[in-house]
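Have a look at the structure below before the remarks.
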Amino acid sequence: MTPPAAAPRPLAPLARELAALPPSLGPVRVIGVDGHAGSGKSTFAGRLSEALGGAPVLHLDDVATHEELFGWTERLRAQVLDPLAAGRAAHWAPYDWVARRFGPERALEPPRVLIVEGVGAGRRALRPHLARLMWMEMPREQSWGRGRSRDGRELSLFWDGWERAERAHFTDDPSRPFADTLVRQSGTGYEWSSGADATALRALFVAESDELPRS
């Protein structure tokens with residue numbers, strides 16, 4: 001079943017809503033943007049950042065590695081979460097996926113709002129630190145197809161391994177059932193559902209077993 005189309009809305013009202021949330025990590029309001037690889041998380045996070053007046057975006061690709069596609073939680077905690085929770089600057093070295101090593105260190109003073117985007121932004125280890133969890137509402141196979149088309153054939157072997165890893169991750173540690181806001185991309189922008197509307201959509205459109213919480 002396809003959800004009824006809604007007119008895309010400007011992100012300014014959503015940005016104001018997020019900026020007004022209480023802090024969730026020390027003085028910081030952390031907004032998680034999760035979804036399948038290829039679902040448009042980075043683009044949406046960038047546009048949301050603009051609507052928030054330039055809020056910083058932390059890409060989880062920066063803390064993952066080829067060997068630790070999802071085994072980065074301790075690195076994120078030590079380098080980013082713990083310092084920000086204490087009101088100190090975060091320091092991390094983004095991973096270079098071409099050189100296969102960590103690059104120059106970056107620093108971030110505690111911002112009012114921090115957007116954390118990437119597959120696993122809503123995992124159970126991070127959810128207690130989030131002021132809002134947003135999920136990009138695009139089916140898994142469609143998202144992966146977009147990602148493969150974007151990256152080209154030379155990365156097809158990487159995508160084969162990624163798909164297995166992502167499927168295993170969401171089977172064990174789903175994010176979508178816990179999302180506060182579901183975001184869908186339209187031809188000219190975004191539409192989203194929060195609160196009771198998001199709950200109804202989750203109940204109606206959960207069709208992938210890797211998005212159901214384990215008992």
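The values are calculated or read from the model by the stated rules, or taken from the named source; none is laboratory data. Predicted model, so just to flag it, every value in this text is computed and none were measured. The area values use the complete protein model at the heavy-atom level, side chains included, leaving out ligands, DNA and RNA. Shrake-Rupley method; radii C 1.70, N 1.55, O 1.52, S 1.80 Å.
Remarks
- Computed on the range 29-128, the Cα convex hull volume stands at 99 Å³ per residue.
- Square roots of 5 times each gyration tensor eigenvalue, C-alpha, the range 1-80, largest first, Å: 25, 20, 11
- Enclosed volume per residue, in Å³, of the convex hull spanned by Cα atoms of the range 84-146: 134
- Cα-based Rg and Dmax for the chain, where Dmax is the largest Cα-Cα distance (Å): 16.7, 47
- Per residue accessible area in Å² of the chain, where ligands, DNA and RNA are left out and the probe is 1.4 Å: 49
- Averaging 1/r over every pair of different alpha carbons in the range 93-190 and inverting the result gives a Kirkwood radius of 15.9 Å.
- For Tyr190, nonlocal amide neighbours, meaning residues 5 or more places apart or on other chains whose placed amide H falls under 5 Å from its own, are Arg9.
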